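Here the structure comes first, spelled out in structure tokens, and everything after it is commentary.
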Amino acid sequence: MIHINIGSNLSSKYGTRFENISIAINLLIDSKLKIKKISSFYETPSYPNKQLPKFVNIGLLCDYDFDHVKLIKEVSLIEKKIGRVKTKKNDPRVCDIDIIDFNGLINSNILLKLPHPRSHSRNFVLYPIQEIDPEWIHPVIKKNVDFLINELSQNSRIEITRLRKSVIIKT
């Protein structure tokens with residue numbers, strides 16, 4: 001299975017943070033990503049500057065008939081289509097799509113590191129995974145998602161909020 005995380009902390013020409021994520025998911029579906037499960041939306045403060053707008057994130061559990069190289073290219077095109085402009089690290093952005101795990105593949109090159117190198121320490125990645133794939137085990141660390149969440153700081157575990165809002169999937 002493939003885990004993808006999508007985040008947004010800025011509105012775009014398409015609408016709100018939530019609409020940006022819904023559009024990204026629909027574009028991923030158009031690119032032949034087969035979505036099995038979608039998590040709730042989760043809201044967290046921006047990191048490391050908590051004065052910046054809050055992020056909303058969502059996790060996807062998916063299948064894909066092509067390789068990780070094709071997927072990262074599709075992801076990059078979708079981010080640009082929604083209006084992402086590459087700026088400095090941790091700046092606000094309209095759309096950020098991360099491939100967290102691609103069928104357990106361990107890969108490191110200039111284009112993509114798998115699994116995502118900071119996935120095990122990010123609340124906005126782990127909580128959505130726990131919701132949609134509670135048996136997931138990190139391919140490198142070999143620990144399950146519950147263990148990884150328990151390793152987060154107390155602050156990291158309390159500053160995340162699960163929202164009661166759904167993704168809009170076009171039919």
>> Looking at the stretch 131-159 only, could you name the residues that are assigned to a helix (DSSP H, G or I), surrounded by 16 or more Cβ atoms within 10 Å (Cβ to Cβ) and of a type in the set (A, V, I, L, M)?
In response: Ile132, Val145, Leu148, Ile149
>> Go through the stretch 66-87 and report how many residues are assigned to a loop (DSSP other than H, G, I, E, B) and closer than 16 Å to Gly7 by Cα.
In response: 5
>> Filter the stretch 13-54 down to the residues that are among the polar types (S, T, N, Q) and in contact (Cβ under 8 Å) with a residue 24 or more places away in the chain and list them by number.
In response: Asn20, Ser22, Asn26, Ser31, Ser39, Ser40, Thr44, Ser46, Asn49
>> Against the definition (in contact (Cβ under 8 Å) with a residue 40 or more places away in the chain and either buried (at least 18 other Cβ atoms within 10 Å of the Cβ) or not aromatic (Phe, Trp, Tyr) (or both)), how does Lys80 come out, yes or no?
In response: no
>> Restricting to the stretch 1-30, name every residue that is small (Gly, Ala, Ser), in a helix (DSSP H, G or I) and in contact with a helix residue (DSSP H, G or I) (Cβ under 7 Å, 6 or more places away or on another chain).
In response: Ala24
> Failed condition for Ile25, given (1) more than 30 Å from Ile137 (Cβ to Cβ); (2) buried (at least 20 other Cβ atoms within 10 Å of the Cβ), with all others met?
Replying inline: (1)
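Yes/no matrix, rows are residues, columns are (1) under 22 Å from Ile129 (Cα atoms); (2) surrounded by 15 or more Cβ atoms within 10 Å (Cβ to Cβ); (3) within 12 Å of the chain's Cα centre (by Cα):
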| position | (1), (2), (3) |
| --- | --- |
| Asp30 | no, no, no |
| Lys34 | yes, no, no |
| Tyr42 | yes, yes, yes |
| Lys50 | no, no, no |
| Asp67 | yes, no, no |
| Arg84 | no, yes, no |
> Counting just the residues of the stretch 105-130 that are in a loop (DSSP other than H, G, I, E, B) and more than 16 Å from the chain's Cα centre (by Cα), which one comes out surrounded by the fewest Cβ atoms within 10 Å (Cβ to Cβ)?
Replying inline: Ile110
> Which condition number does Asn90 fail, the rest of (1) in a loop (DSSP other than H, G, I, E, B); (2) at negative phi being met?
Replying inline: (2)
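Every number here is computed from the coordinates shown, using simple stated rules; none is lab data. This structure is a prediction, so every number in the text was calculated from the model and none was measured. So basically every Cβ, Gly included, is an ideal-geometry build from the backbone, and we count neighbours across all protein chains shown.
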